[in-house]
Amino acid sequence: GQSIFSILAIVCVSDESIILGVIIVTCGKIFKYYIRIKMKNLIKIIVLSNFLISIAYANTNTNTNTNTNTNGIYFGIGGTSSKYKENIVISGTRYTLKYKSTSFKALVGKRLNDNVATELQFTNFTKDAITVDGVVTILDTSGNSFGVAGLYYFNSGEDFLPFVKLGFHSWDFKTTNTSTGVSSELDGTDIFYGIGVDGKINETMKYRVEFEKMDIDGDDMNNFGAVLLINL
């Protein structure tokens, strides 16, 4: 009837049982890490499954959209200028921490009708130094974002299509001390939203210019970029 914490306390009382106590604690940490990784993968699997189901469902209906290809599926590649800002207070003094990079972005989407689309997107935030109050530190950070979003287009059937989008993303970042090589990792799942415009190049290709704001553990990652879209 005892909890694992009380058992651990009893085991660790005697010196000869210290090793066993360390083993129990270590196993607990490994189990916690395993659950965290499994949950991250589960979220990605659920997102991907829902996306594929929506595509399969949409393909069973007649596509009446004259501004896209027959099945409405497209992919895109491009880049963004990404900026992150966080205010921290240490011993009563406020500091501004910043990170910015040129990021790579890839996406695949499906037009469900003239006004609505759904997309999966991946963004890679390249490694760059963190600055504190404008001073470059010895800390480098990089990360990734995997997200799903819904888009709403306002001018259906036109060559110039402004849109808004809302979704959520699973993100992870790694920060490394370039002097000691010591690193730490942080991950989570948050919302993101944005505005943009798709412009027609020809019947197969479009360009996109957009602004995104990603929530990263309560702070914002602002992305401004361009993407080339190609109909499949």
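Any read-out appearing in this document is the output of simple, stated calculations on the displayed coordinates, not a laboratory observation. Since the structure is predicted, the reported quantities are computational estimates derived from the model, not experimental observations. In this analysis, Cβ positions are derived from the backbone assuming ideal geometry, glycine residues included, and neighbour counts consider all displayed protein chains.
Hey, fewest Cβ within 10 Å first, where do Thr80, Thr118 land in order?
Details: Thr80 23, Thr118 20.
Sorted ascending by nearby Cβ count, the order is Thr118, Thr80.
Between the amide H of Phe168 and those of Val148, Phe192, distances stay under 5 Å, these residues lying 5 or more places away or on another chain, with hydrogens modeled in the peptide plane.
Cross-link pairs exceeding 21 Å between alpha carbons, from the set Lys98/Lys213; Lys85/Lys127; Lys83/Lys105; Lys100/Lys206; Lys110/Lys174; Lys127/Lys165: Lys100/Lys206; Lys110/Lys174; Lys127/Lys165. With bins 10 Å wide starting at 0, give me the P(r) of the stretch 62-231 over every alpha carbon pair, in whole percents. With 10 Å bins starting at 0, P(r) equals 10, 36, 28, 16, 8, 2, 0.
Legend: ranking of residues Val227, Val108 from fewest to most surrounding C-beta atoms inside 10 Å; resulting order Val108, Val227. Neighbour counts of C-beta atoms inside 10 Å place Tyr99, Tyr207 in the sequence Tyr207, Tyr99, starting with the fewest. One chain, two ends: Phe75 and Ile90. Fully extended at 0.36 nm per residue, the span grows by 0.9 nm beyond their Cα-Cα distance. Short-range pairs are left out: with C-alpha atoms under 8 Å and at least six residues apart, the relative contact order of the stretch 111-232 is 17 percent.
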